[in-house]
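See below for the structure under consideration.
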Amino acid sequence: MTGPAESGRGDGPHPVDRHVGLRIRMRRKEMGVSQERLAESLGITFQQVQKYERGANRVSASKLWEIAAALKTPVAYFYDGLGDQEAAAAQRNAAQEFMCSSEGIELMAAFPRIAEPAIRRKIVELVRVVADEV
């Protein structure tokens with residue numbers, strides 16, 4: 001079950017495999033675990049962890065069980081949010097990708113330290129305006 005996670009349409013990973021991979025990455029980063037450390041605990045290469053996280057390779061049920069144990073979370077965590085509509089899932093995946101990026105992690109750490117609500121609001125408005133111009 002570690003072969004290509006094709007959707008059957010030939011256009012990349014199946015959305016479920018991509019979702020599970022993003023959830024693996026998100027949990028790993030939340031725990032402060034490197035790909036290398038996770039791979040070592042699972043007895044696989046860090047490249048395989050990368051493939052799982054991208055959804056390029058499907059994660060077998062037994063391997064997902066091991067990943068859940070290594071990351072101290074229930075297996076169901078990796079499937080959270082799959083019952084929603086496609087648009088909500090796409091938005092959630094984009095948010096998860098951002099939260100797993102180095103910029104996202106840095107912003108998530110710094111933003112709560114801004115005590116003044118008015119300044120926080122202005123930063124959100126600034127980001128919205130800049131994003132709309134791109």
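Selection of region 44-64 for residues being part of a helix (DSSP H, G or I) and either more than 17 Å from HIS14 (Cβ to Cβ) or outside the structural domain of MET26 (by TED's automatic domain parsing) (or both) yields PHE46, GLN47, GLN48, VAL49, GLN50, SER62. Summed over region 99-120, the residues that are among the basic types (Lys, Arg) and either modelled with pLDDT under 90 or under 18 Å from the mean Cα position of the chain (by Cα) (or both) give a count of 0. Only residues that are within 26 Å of GLU30 (Cβ to Cβ) and assigned to a loop (DSSP other than H, G, I, E, B) were counted in region 108-134, giving 2. So is GLN96 surrounded by 13 or more Cβ atoms within 10 Å (Cβ to Cβ), among the polar types (S, T, N, Q), assigned to a helix (DSSP H, G or I) and at pLDDT below 90 or not? Yes: the conditions hold for GLN96. Each residue in region 33-58 was checked for being touching a strand residue (DSSP E or B) at 6+ places or on another chain (Cβ under 9 Å), charged (D, E, K, R) and over 15 Å from CYS100 (Cα atoms), and 2 of them qualify.
Any residue at all in region 72-91 that is polar (S, T, N, Q), modelled with pLDDT under 90, surrounded by 12 or more Cβ atoms within 10 Å (Cβ to Cβ) and within 22 Å of ARG18 (Cβ to Cβ)? Yes, because at least one residue in region 72-91 is polar (S, T, N, Q), modelled with pLDDT under 90, surrounded by 12 or more Cβ atoms within 10 Å (Cβ to Cβ) and within 22 Å of ARG18 (Cβ to Cβ).
The values are calculated or read from the model by the stated rules, or taken from the named source; none is laboratory data. Computed from a prediction, not measured in an experiment: that's the story for all the values here. A quick note on method: Cβ atoms are made from the backbone with ideal geometry, for glycine too, and the neighbour counts reach across all protein chains shown.
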